[in-house]
Amino acid sequence: MTIDTEGLAQELIERIERAQDLQSLEALRVEALGKKGRITAEMKQLGGLDPDARREAGQALNAVKDRVAGAIEARRKRLEDQALETQLAAEAVDVSLPARPERRGKLHPISQTVDEIIAIFGQMGFEVAEGPDIEDDYKNFTALNIPPEHPARQMHDTFYLADADGRVDMSTVLRTHTSPVQVRTMETTTPPIRVIAPGRTYRSDSDMTHTPMFHQVEGLVVDKKTHFGHLKGCLQDFCSAYFEVEDVPLRFRPSYFPFTEPSAEVDIGCSRKGGELTIGAGDDWLEILGCGMVHPKVLAMSGIDPEEYQGFAFGMGIERIAMLKYGIPDLRTFFDADVRWLDHYGFAPLEAPTLIRGLTP
Ligand code: DAH
């Protein structure tokens, strides 16, 4: 018996290369290499040959088997690539098409509030500064005059990060406030400084009025003659613009923060008559922020001469002022990712707040 191995190989390979889809390719594989396939059948015939002819024909058949298997693999790869390309072409999205905000997609109230804050302080000549969420202990605490063992550290419910071996590493934290951005700015800029720093902050605290992640905005002004009057005026202007109430009543209460001296907490005048909260009227007060004159030690630690410069700083909770302005009663709903909530409290994405057209769309 002589087998036309070359003819068999050519015929199979030609048909493999013409296979139009993965299904017919699989059928061809079974026909050629399957248990009852043609090459397998030829192999079974080898037993009837004399030893020399058997060796020769066996080698030839094995070579055919390899070539056919190789051709199937190559064809399979090609068909799979083609199928993927067809799928990608069919699912292509034109990202340059205009958005249709009237149909879907709302801006989260936190994003809206941050945009409003930036619009107001931007108009006053502030720049936006940034720092990382993962901060070192030095900038989050020590450089803000909160040395190790300072009792203020206990109040921060700090998340410490683990090192590469999984051990808690006391030198790296999730920032507990945006104040370390003050340090970063002072370390790298020569005054005059006028920045705000909105961003995420973290504390290991979770109940009705606390979430482990929340947002703050920090403010820092440093110059030769900056004084408490500037701080008051700046916050007064901000609150009037943000709450859209002329001459909004503010109350500065003496307080304590390690990084400011003197320090104050600021309350905004409001009314809670009939269970409804109105900002800017009535005889009730609501705390909205902490502030003060930057402590000379804090200036010095970041390389600014306190004999030459002085400054003020403030820190505000963004969720809190968003809740007050937009009547959102429950803090935790901010982070529920409930699209019905977002649909109700969210904002049209293309209406960037400006002081000229108005903050709120
Ligand atoms: N970092 C403070 C906190 O998270 C808030 C704060 C208070 C920031 C006074 C300031 C400031 O810049 O001057 O509780």
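The values are calculated or read from the model by the stated rules, or taken from the named source; none is laboratory data. Computed from a prediction, not measured in an experiment: that's the story for all the values here. So basically every Cβ, Gly included, is an ideal-geometry build from the backbone, and we count neighbours across all protein chains shown. Ligands, DNA and RNA are stripped out before the accessible areas are found, and what is left, the full protein with its side chains, is counted by its heavy atoms. Shrake-Rupley method; radii C 1.70, N 1.55, O 1.52, S 1.80 Å.
General remarks:
- Yes/no for Ala143 being assigned by TED's automatic domain parsing to the domain that holds Ile304, at pLDDT 95 or above, in a helix (DSSP H, G or I) and open to solvent by less than 50 Å² (accessible area, probe 1.4 Å): yes
- Helices (runs of 4 or more DSSP H) enclosed by the range 31-134 - at least 3 residues per element that are open to solvent by 50 Å² or more (accessible area, probe 1.4 Å) and at pLDDT 90 or above: 51-90, 109-123
- Members of the range 155-178 found to be under 24 Å from Gly317 (Cα atoms), aliphatic (A, V, I, L, M) and open to solvent by 70 Å² or more (accessible area, probe 1.4 Å), listed by number: Met155
- Subset tally (residues that are touching a helix residue (DSSP H, G or I) at 6+ places or on another chain (Cβ under 9 Å) and more than 16 Å from the ligand (Cβ to nearest atom)) for the range 151-168: 1
- Qualifying residue in the range 180-202 (condition: among the basic types (Lys, Arg), farther than 18 Å from Met323 by Cβ, out of contact with any Pro (no Cβ under 7 Å at 6 or more places or on another chain) and in a loop (DSSP other than H, G, I, E, B)): no
- So Met293, is it within 16 Å of the ligand (Cβ to nearest atom), closer than 23 Å to Arg153 by Cα, among the aliphatic types (A, V, I, L, M) and in the same structural domain as Gln154 (by TED's automatic domain parsing): yes
- Residue in the range 212-221 that is more than 16 Å from the ligand (Cβ to nearest atom) and touching a helix residue (DSSP H, G or I) at 6+ places or on another chain (Cβ under 8 Å) present: no
- For the range 303-344, the set of residues classified as open to solvent by 80 Å² or more (accessible area, probe 1.4 Å), in a helix (DSSP H, G or I) and touching a residue at least 40 places away in the same chain (Cβ under 8 Å) consists of Arg332, Asp343, listed by residue number.
- Scanning the range 254-282 for residues that are within 14 Å of the ligand (Cβ to nearest atom), surrounded by 14 or more Cβ atoms within 10 Å (Cβ to Cβ) and of a type in the set (Ser, Thr, Tyr) returns Ser255, Thr260, Ser263.
- Considered as a group, the residues in the range 231-251 that are hydrophobic (A, V, I, L, M, F, W, C) and in a helix (DSSP H, G or I) include one that is farthest from Leu359 (Cα to Cα), and that residue is Leu231.
- Selection of the range 302-330 for residues being more than 15 Å from Glu261 (Cα to Cα), within 16 Å of the ligand (Cβ to nearest atom) and either not polar (S, T, N, Q) or not assigned by TED's automatic domain parsing to the domain that holds Met208 (or both) yields Ile304, Met316, Gly317, Ile318, Glu319, Arg320, Ile321.
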